[in-house]
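The values are calculated or read from the model by the stated rules, or taken from the named source; none is laboratory data. Fair warning: this is a prediction, and the values are worked out from it, not measured in the lab. We place every Cβ from the backbone using ideal geometry, glycine too, and count neighbours over all the protein chains shown. Protein only, heavy atoms only, side chains kept; ligands, DNA and RNA dropped before computing areas. Shrake-Rupley method; radii C 1.70, N 1.55, O 1.52, S 1.80 Å.
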Amino acid sequence: MNPKQFLQIGGIILILVGVLGFFLIGPTAEQSIFGENWWFDNPENWAHLVLGIVAVALAYAVKNAMLQKWVTIIVGVVALIAGISGFVTPNFLGANMENPLDNILHLVIGVWALWAGFKKGGMAPMGMSGGMGGNMGGGMGGGIMK
């Protein structure tokens, strides 16, 4: 998985979690189908929704692979900070994260983002598309002059 794929897939997941948090898994524990075990309050829902939209937009609108890589790494670091701080204090930038499942989710997202951001070979150089013979004149007799 490369940073662009992380932004695409992770962004879609964040959008879904954000939207579902408004009426299915939040915005209160009583309104969540998971009850007290797992719910997202409105600051979390808005954060998930906005960050998901930004991630998907960056995946498609930005063609600079290095920018996508560093955004993915920053997302990973922020998610790890959110996950760790949730175990220390239940409030992170106005969002209620006293639930251990919230923290575990943020830690998993953080590790996933950092893996995608730092993975070797995740970005192909410009002009190098995959496939045998890609841009190198592959095929039988491709370089033979008659």
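Some values worked out for this structure:
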{"item": "Heavy atoms of Glu30: accessible area, 1.4 Å probe, square angstrom to 10", "result": "150"}
{"item": "Distance between modelled label sites at Val19 and Lys120, nm, 7 Å Cα→Cβ extension", "result": "4.0"}
{"item": "Ile104-Ala57 FRET efficiency (beta carbon distance; Förster radius 30 Å; 0.05 resolution)", "result": "0.65"}
{"item": "The range 22-119, relative contact order [Cα under 8 Å, separation at least 6], %", "result": "24"}
{"item": "When the range 23-85 is reduced to its Cα atoms, the Kirkwood hydrodynamic radius in Å", "result": "13.3"}
